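The values are calculated or read from the model by the stated rules, or taken from the named source; none is laboratory data. It should be emphasised that the depicted structure is a prediction, and the values quoted were computed from it without experimental measurement. Heads up, the Cβs are rebuilt from the backbone with ideal geometry, glycines too, and the neighbour counts pull from every protein chain shown.
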Amino acid sequence: MKKLFLLLMLVGCKEQPNIKKFATNTITVTISGQVKKPGTYILPVFSQLNNLIVEAGGLLLDADINTIDHHRILRQDEHIEIYKKNDNKININTANIIQLKSLPGIGETTAKKIIEFRKKEAITNETILLKIKGLTNKKIEKFISYIRFK
């Protein structure tokens, strides 16, 4: 209800609204990987990824800054992973058929099923992988160390 009220207030404004004025709520976000202080942080609603990185003490020297969208707005209960430079893991959500087929135990048929599945739903963890027909725990174990989800 608060969100609807806020939206209605913003739509009726003729001036640029001051988002900080409306950001009375907080979100809880977890960050891990190449930051100085990985952990869970409480931030104001509408916080950007850069705000979280600052709270976590900043990036480590080997953080891959090319994969970070500093201005992205964070969501409640989101988990952000900051990857290392030259992390050769394949992103299961963006990999093409050739990259997927390079994974142990993944052939063309399974690669196509992964691509079709992720059009409908993002693959965020191993449990979601099990929803894809033909993938079993045993098969996933063969390639899990070669993939990342973001």
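Looking only at region 59-72, residues that are surrounded by fewer than 13 Cβ atoms within 10 Å (Cβ to Cβ) and not in a loop (DSSP other than H, G, I, E, B) come to 2 in all.
Of the residues Lys139, Lys89, the single one that is under 30 Å from Tyr41 (Cβ atoms) and among the charged types (D, E, K, R) is Lys89.
Which ones in region 73-106 are charged (D, E, K, R) and not in a helix (DSSP H, G or I)?
To start, the set of residues in region 73-106 that are charged (D, E, K, R) comprises 75, 77-78, 81, 84-85, 87, 89, 101.
Hits for region 73-106 are Arg75, Asp77, Glu78, Glu81, Lys84, Lys85, Asp87, Lys89.
Just to be sure, is Lys120 surrounded by fewer than 11 Cβ atoms within 10 Å (Cβ to Cβ), out of contact with any Cys (no Cβ under 7 Å at 6 or more places or on another chain) and not aromatic (Phe, Trp, Tyr)? Criteria met by Lys120. Every condition in (1) assigned to a loop (DSSP other than H, G, I, E, B); (2) touching a helix residue (DSSP H, G or I) at 6+ places or on another chain (Cβ under 7 Å); (3) not aliphatic (A, V, I, L, M) is met by Thr124 except one, and the failing one is (2).
Taken together, the criteria exclude Ile114 from residues that are assigned to a strand (DSSP E or B) and either over 22 Å from Tyr146 (Cβ atoms) or at pLDDT 90 or above (or both). Residues that are surrounded by 13 or more Cβ atoms within 10 Å (Cβ to Cβ) and either out of contact with any helix residue (DSSP H, G or I) (no Cβ under 7 Å at 6 or more places or on another chain) or part of a loop (DSSP other than H, G, I, E, B) (or both) within region 131-140 comprise Ile132, Leu135, Lys139, listed in sequence order. Yes or no: Glu108 in contact with a Gly (Cβ under 7 Å, 6 or more places away or on another chain) and acidic (Asp, Glu)? No. Checking each residue in region 21-45 for being of a type outside the set (Ser, Thr, Tyr) and under 13 Å from Glu78 (Cα atoms) picks out Ile27, Val29, Ile31, Gly39, Ile42, Leu43, Val45.
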